[in-house]
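One structure is given below, encoded as structure tokens.
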Amino acid sequence: MTKPLRLLLYYADTGGGHRATAQALAEGLKHRYGNAVDPILFDGLRKYAPYPVSHLDDMYPWMSGMSKTWGRGWTQLNDPRVAMRFMKLWWPYVRTAAMRMAKEPCDAIINVQPLYTFPVLWAMERTGIRKPFVTMVSDLIVVHALWCDPTTDRFLVPTEVSRQHALDNRIPEEKIQVVGLPIRLTFMLPPQPKAIARRQLGLDDKFTILLMGGGQGLGRVYETAEAIGRSGLNVQLIVVAGRNKKLKEQLDATHWPITLKAYGFIQEIPTLMDAADVLITKAGPTTICEAFTRSLPIILSGYIPSQENENADYVIDQQAGILAEEPELIVATVREWLHNPDRLAQLSRNSGQLARPRAAIDAAEAAYEVATSRPIVYRAPQGEPLLARLDRFLGT
Ligand code: UDP
């Protein structure tokens, strides 16, 4: 029997999305290729980077925190030349980690975290161990320049719009493939009837709102729950605090005037979405794509500036939902939708039309093709070799 292909999926928990995409892709690989593949999820920063870089995931919630400064920094970096300069500054902090990641025994690397793309490719160049390298972009629309090292072997993107962004960031056209955003394979199954999902969750069979804030429970989740609770609307509420322990405690400590189920980080998001009529969430790409498979109308309660605002624009342009950043505006929107079932049904249809439930399988097929199509010939950039320039820059 031949050995299974060992495929490393590099992610970091800066937001829930990278891990969620990597997990979905790993699921897609197992589902499609069974014992022929051995996908391994790997948090390179946590495992190999020095402190405090190793704990970037802990800092991410307050760094991003939907603040304007984060948005400005993120936008400024989103230019191929600026991103390259930033990466050169970043390199000393991640050099050791990147070297070790490059040397990990495997048949291919699938990168699902923008902070790794340049360093791991540079490290492979430096060590002379050039493994097949696939980049899977885990944002829905924007393809940040930090993802975009043109020497990657395949560049997988979720949408046609993101394909254009990749081209703008100098990824060669023949390397780009639109596969959708990988989401858990359970989303490939048709949704359960709402009544059954609600019963499973111990809820009544009535209008249900699902309220989320991404993997980290970001945004004004508690205030929104409060506003819905005191609105007098005849609804019940499911609130997902994700990894935000404080929020979960706050939710648990409150006496709610309506039926409210609060969860911490929970795997059963498909069941929660099956039970819901409407989703309220920040504009996280994975949550949005999952909601499309359940034809859920979406109220976007906010977005991480620059990083997620184009996701919001996409949902609005496709008429699958609206942006309502104030809790009272969210309540007004739910009230309007409750009184206008035709509008709600239309939003639901529009949402369903954007679904791409097979994305994890399509991405898996693309990654497998790269992993098995050796040899990959690396062409050094024209002129002075990149790493020589870097070393000169670093004075090493
Ligand atoms: N998620 C989950 N359980 C939770 C909260 C969130 O499985 O309790 C998942 C959610 O279904 C989605 C991901 O975490 O797959 C969140 O990704 P998204 O891109 O929406 O936002 P991020 O957390 O990256 O900001």
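What the phi angles of the stretch 195-207 give under the Karplus curve with 6.51, -1.76 and 1.60, with θ = phi - 60°, is a coupling list of 4, 5, 4, 5, 4, 4, 8, x, 9, 6, 8, 9, 3 Hz, glycine and proline written as x. Can you give the angle from 0 to 90° between the axis of helix 68-77 and the longest principal axis of the chain, with both taken from C-alpha atoms, to the nearest 10? It is inclined by approximately 30 degrees. GNM on the chain, alpha-carbon springs under 10 angstrom: the most fluctuating residue among T254, T96, T372 is T254.
Rounded to the nearest Hz, the phi-derived 3J(HN,Hα) couplings of the stretch 268-279 under the Karplus curve 6.51 cos²θ - 1.76 cosθ + 1.60 (θ = phi - 60°) are 7, 4, x, 5, 4, 5, 4, 6, 8, 9, 9, 10, where x marks glycine and proline. When V53, V82 are compared by accessible area at a 1.4 angstrom probe, the order from most to least is V82, V53.
Taking R294, R72 and ordering them by how much accessible surface each has at a 1.4 Å probe, largest first, produces R72, R294. Simple spin-label estimate for D168 and R81 gives 1.7 nm between the two label positions (7 Å along the Cα-to-Cβ direction from each Cα).
Close amide H contacts of L233 (hydrogens built in the peptide plane, cut-off under 5 Å, sequence separation of 5 or more or a different chain): none are found.
Helix-only arithmetic for the chain: the sum of -39500 (n - 2.57) across DSSP H runs with n ≥ 4, divided by the residue total, places the mean residue ellipticity at 222 nm at -14500 deg cm²/dmol.
3J(HN,Hα) couplings calculated from phi for the stretch 259-264 with the Karplus curve 6.51 cos²θ - 1.76 cosθ + 1.60 (θ = phi - 60°) are, in sequence order, 5, 9, 10, 10, 10, x Hz; Gly and Pro show x.
Once the 1.4 Å probe is applied to the protein heavy atoms, the chain comes out at 43 Å² accessible per residue.
For the stretch 283-366, what does the alpha-carbon gyration tensor say about shape, rounded, prolate or oblate, given a ≥ b ≥ c as the root eigenvalues, a/c under 1.5 as rounded, and a/b over b/c as prolate?
oblate
Zone of I196 (label point 7 Å along Cα→Cβ, backbone N under 19 Å): which residues in the stretch 255-292? Label zone hits: 268-277.
Straight-line cross-link partners of K206 among the lysines, defined as a Cα under 30 Å from its Cα and at least 8 positions apart when in the same chain: K194, K245, K246, K248, K261, K282.
Treating only the Cβ atoms of Lys and Arg (+1) and Asp and Glu (-1) as charged, compute the dipole magnitude of the chain about its Cα centre; round to the nearest 20 debye.
It comes to approximately 1060 debye.
Of the residues L89, L211, L300, the one that moves most in a GNM of the chain with alpha-carbon contacts below 10 Å is L89. Taking H as built 1.01 Å from N, whose amide H comes closer than 5 Å to the amide H of L323, not counting residues under 5 places away? Residues meeting the criterion, in which the H sits 1.01 Å from N, are L300. Mind checking which of G128, N111, Q177 is farthest towards the positive end of the stretch 99-187's charge dipole, using Cβ charges of +1 (Lys, Arg) and -1 (Asp, Glu) about the Cα centre? Of the options given, the answer is G128.
Pick from Q346, Q216, Q113 the residue whose mean-square fluctuation is largest in a GNM of the chain, springs joining Cα atoms under 10 Å. Answer for the Gaussian network model of the chain: Q346.
The H on the amide N of D38, modeled in the peptide plane, is under 5 Å from the matching H of L5, R6, L7, each at least 5 residues off or on a different chain. Here the chain has 51 percent of its accessible surface on carbon and sulfur atoms, given a 1.4 Å probe and all protein chains in place.
The values are calculated or read from the model by the stated rules, or taken from the named source; none is laboratory data. It should be emphasised that the depicted structure is a prediction, and the values quoted were computed from it without experimental measurement. Heads up, the Cβs are rebuilt from the backbone with ideal geometry, glycines too, and the neighbour counts pull from every protein chain shown. Quick note on the areas: whole protein, heavy atoms, side chains included, nothing else; ligands and nucleic acids left out. Shrake-Rupley method; radii C 1.70, N 1.55, O 1.52, S 1.80 Å.
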